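Enquirer: Submitted below is the structure of interest, expressed as structure tokens.
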Amino acid sequence: MKKEEVFESYKENIMPTYKKVPLVFTKGKGSRLWDIHNNVYLDFFPGWGAGNLGHCHPKVMAAVREQISKLIFIPNNYYHIPQARLAKEIVYWSFPSKVFFCNSGAEANEAAIKLARKFGDGRYEIITFDDSFHGRTLAALSATGQKKYQSGFEPLVAGFKTVKFNDLEAVKSALTDKTVAVMLELIQGEGGVNVAKRDFVLGLRKICDEKKLLLIVDEVQTGIGRTGKLFCYQHYGITPDIMTLAKALGAGLPIGCMVVKKDIADTLTPGMHASTFGGGPVICKAAQAVLRSVKKEKLLANAQKMGEYLLLLLAALKDRYEIIEEVRGIGLMAGVELNIEGKAIVEKCMQNGLLINCTHDKVLRLMPALNVTKKEIDKAIAILNRILGDAPQGDTLQRFSGKNA
Ligand SMILES: Cc1ncc(COP(=O)(O)O)c(C=O)c1O
């Protein structure tokens, strides 16, 4: 197919639910992607958070090939070894728990919401946060603290109370005798790379312990080494009651996982929740290869080191350009808040061979693979520097945004 034919097929046959970038990719390796014309791009937002190992990691490819030649699928009323092994590894690397496998982040959060309601035995309210993002299925969407995603889909699922992020008093005021859980991302990804404060998280843990609430931590984006630890909660010295995972656990293949503290893990009993494809043999083999590669290739250490380097270089850009308001993040989850819209900058980066993301209109999001090199970071920053240098600054910006008009 030629590029134009691909665009035409999408236009005619695929529902227009995504804003599309006019690129057709055919090949990927590590932090690089090749388009249909063989142009190469440096991917600093691989797989929308699913690409922590970069593209086509050899260990994942080998694991998939091996499993696919033996047994592609077996439903969840039978046993198979890849699921048994993967569950054991996730539990080993996280906290004493049991897991439930599904296929996406939204599904993992749905499972957590259902478990919380069952656990609540009449208590059903879940406190979530402004600017959070928990997925597009109806309950996950109802948990999401961003009206722009919910608009048009009302009535939403009842029982969610959204309060200000990083504000413990707001949480306390929202508590009722019906509250059963608090659900949050420790770094809000879609919401603009907003980092939860330590005292806030410790305070949440304390409230949950005192009131017998479940602390649900959505690690769909922060999990699997993104922040330099395998799970982001490990930065805070707390243990969640439920952790949800997806994205990078599958290295690009669909997986979701709910990890539930052992003493409440039997809340859901046979017949209460299910997923046909959840935890199939192929994806479980792939996810095992992901976890092993993160450990064997010392990717957590690399994410910490390269993350510090990336944030340092971004901070230097902030000193140089007035349009940068703030640089924030942990490990290789970096946000650059601008005082102008970021869309044009992302487009120019793309035209110059660098793929990044803009979220919340004004926050550039850089989440390179955990095996990114210093050289690749230097190259990305050089491109970004050039583009930011061309963007309107100071007086020009004021005229540009009409403030002096
Ligand atoms: C924190 C968080 N939770 C949940 C989701 C939903 O995941 P999925 O798209 O796999 O359903 C996302 C997706 O971006 C996310 O970032």
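Enquirer: Go through region 135-147 residue by residue and turn each phi into a ³J(HN,Hα) via Karplus (6.51, -1.76, 1.60, θ = phi - 60°); whole Hz please, and just put x for glycine and proline.
Expert: Running phi through 6.51 cos²θ - 1.76 cosθ + 1.60 with θ = phi - 60° gives x, 9, 5, 4, 6, 4, 5, 5, 6, 5, x, 9, 4 Hz.
Enquirer: Separate question: Hey, can you rank 247-259, 186-198, 340-352 by average C-beta count inside 10 Å, highest first?
Expert: 247-259, 186-198, 340-352
Enquirer: If you don't mind, there's one more thing I want to ask. Ignoring ligands, DNA and RNA, please state the percent of accessible area on the chain from carbon and sulfur, probe 1.4 Å. Walk me through the numbers on the way to the answer.
Expert: Numbers: 10660 of 19560 Å².
The nonpolar share, carbon plus sulfur, comes to 54 percent.
Enquirer: How large is the dipole of region 1-158 about the Cα centre if only Lys and Arg carry +1 and Asp and Glu carry -1, each at its Cβ, rounded to the nearest 20 debye?
Expert: Details: 21 positive and 15 negative charges, 89 e Å.
Dipole magnitude for region 1-158 comes out near 420 debye.
Enquirer: Around ALA303, under 12 Å between beta carbons, what's the net of Lys plus Arg minus Asp minus Glu among the other residues?
Expert: +2
Enquirer: Let me ask something additional. When you count, for each residue, the other Cβ atoms within 10 Å and take the mean per peptide, how do 27-40, 285-298 rank with the highest first?
Expert: Highest to lowest by the protection proxy: 285-298, 27-40.
Enquirer: Where both partners of a DSSP beta bridge lie in region 216-336, what percent of those bridges are antiparallel, to the nearest 5? It would help to have the intermediate numbers written out before the result.
Expert: On the way: 8 of 11 bridges.
Close to 75 percent.
Enquirer: With the other protein chains left in place, how much accessible area per residue, in square angstrom, belongs to the chain at a 1.4 angstrom probe? Let's see the in-between values first.
Expert: Numbers: 19560 Å² over 405 residues.
Averaged over the residues of the chain, the accessible area is 48 Å².
Enquirer: A further question follows. Output ³J(HN,Hα) for region 96-113: one whole-Hz value per residue in order, computed from phi by the Karplus curve 6.51 cos²θ - 1.76 cosθ + 1.60 with θ = phi - 60°, and x for Gly and Pro.
Expert: x, 7, 10, 10, 10, 9, 9, 10, 7, x, 4, 5, 5, 5, 4, 4, 5, 5
Enquirer: Cα centroids of region 111-132 and region 150-225: how far apart, whole angstrom?
Expert: Their Cα centres are 10 Å away from one another.
Enquirer: Still on this structure: Taking 7 Å along the Cα-to-C-beta vector as the label spot, tell me the CYS56-ASP319 distance in nanometres, rounded to one decimal.
Expert: About 4.0 nm, to one decimal.
The values are calculated or read from the model by the stated rules, or taken from the named source; none is laboratory data. Keep in mind it's a predicted model, so treat the numbers as computed, not measured. So basically every Cβ, Gly included, is an ideal-geometry build from the backbone, and we count neighbours across all protein chains shown. Note: areas computed on protein heavy atoms with side chains; ligands, DNA, RNA excluded. Shrake-Rupley method; radii C 1.70, N 1.55, O 1.52, S 1.80 Å.
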